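The values are calculated or read from the model by the stated rules, or taken from the named source; none is laboratory data. Predicted, not measured: the structure shown is a model, and the values here were computed from it. With ligands, DNA and RNA removed, areas are computed over all heavy atoms of the protein, side chains included. Shrake-Rupley method; radii C 1.70, N 1.55, O 1.52, S 1.80 Å.
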Amino acid sequence: MKNNNVCLIPVWVVGMLTLVGCQRAANWAISSFDQGTTNELPTNLVKPYIKSVVVHSQLSTKGIFDALWLADAVRTASTDVLIMRAGKSLGQHHTLLRRQLEENKHYIMFYIVTEYDVPLGDCAQWQIFLRIGDQTYQPRELKVTDLPCEYKVFFGKRFGKTKIAYLAKFDAQDSNEKPIIISNKTESIQLCLRSIEKQAVLEWPLDGTGKTIKDV
């Protein structure tokens, strides 16, 4: 009988050799092709302002909602990214940021991302409102919008081809022209999503100044 000597290479050895080969290829690509310069983005500063919730009915998913509160810190971060990308001057940065912060004096605004087949609005299955303390507020405006590039970066993987973005705008003052977010008094703001069968709440705790947020 003929003896065949077969050399069996352990799977982990094959994996290691493959990994080394891939690593060498990656290093070669980096050294051979201009990779440009990686920009530092303020995504970590924005993270506390993004809230997410998944609503289930037994084993089925009824809605996936991600919302970004356009607070002053978020407006500042988005302006930084926009100005950096466009290569605009410091003076243009100040002008744009001042305009954005001025809008925040009049409105409380959110970008809301949901699935295409789970729309929001008066004629849709899901409606939204803002709750602060024991008071609720209806949006002045709720519309489908094209999410700006810098905000797509902030949302990251939460925003994709199957998602649609809304801009929700609430008045920052009540009917008596008094701010609805009161410094040293308002503990949190809640964006409420409600259908006939289900409801969900996205909450942003405040730190006592009425403007910034706890990273919890």
So what is the relative contact order for region 85-216, in percent, with contacts set as C-alpha pairs under 8 Å and at least six apart?
-> 26
Amide H within-cut-off set for ARG140, under 5 Å, with H built and near neighbours excluded | LYS169, PHE170, ASP171
Each residue of region 109-115 in order: what ³J(HN,Hα) in whole Hz does its phi give by Karplus 6.51 cos²θ - 1.76 cosθ + 1.60, θ = phi - 60°, with x for Gly and Pro?
-> 10, 9, 9, 10, 10, 9, 6
So what are the ³J(HN,Hα) numbers for region 73-85, from phi and the Karplus equation (6.51, -1.76, 1.60; θ = phi - 60°), rounded to whole Hz, Gly and Pro as x?
-> 5, 6, 4, 5, 5, 5, 5, 4, 5, 4, 5, 4, 5
Once amide H atoms are placed 1.01 Å from N in the peptide plane, what residues at a sequence separation of 5 or more from VAL118, or on another chain, have their amide H within under 5 Å of its amide H?
-> none
Shape call, region 92-216: gyration tensor on alpha carbons, a/c limit 1.5 | oblate
Compute the Cα gyration tensor for region 92-158, then decide on rounded, prolate or oblate, letting a ≥ b ≥ c be the square roots of its eigenvalues: rounded whenever a/c is under 1.5, prolate when a/b is larger than b/c in the other cases, and oblate in all that remain.
-> oblate
A 1.4 Å probe over the protein heavy atoms gives region 71-216 a carbon and sulfur accessible-area percentage of 48
Residues meeting the amide H criterion for THR145 (H placed from the backbone, H to H distance under 5 Å, 5 or more places apart or on another chain) are ALA165, TYR166, LEU167
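Would you mind getting the accessible area per residue of region 94-214, heavy atoms of the protein chains only, 1.4 Å probe, in Å²?
Numbers: 7210 Å² over 121 residues.
Here the residues of region 94-214 average 60 Å² of exposed surface.
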Karplus (6.51, -1.76, 1.60) ³J(HN,Hα), θ = phi - 60°, over region 119-135, in Hz, Gly and Pro reported as x = x, 10, x, 4, 9, 9, 5, 9, 10, 10, 7, 9, 10, 10, x, 9, 10
Quick note, region 58-107: a/c under 1.5 would make it rounded; otherwise a/b > b/c is prolate and the rest oblate (a ≥ b ≥ c, C-alpha gyration tensor); here it is oblate
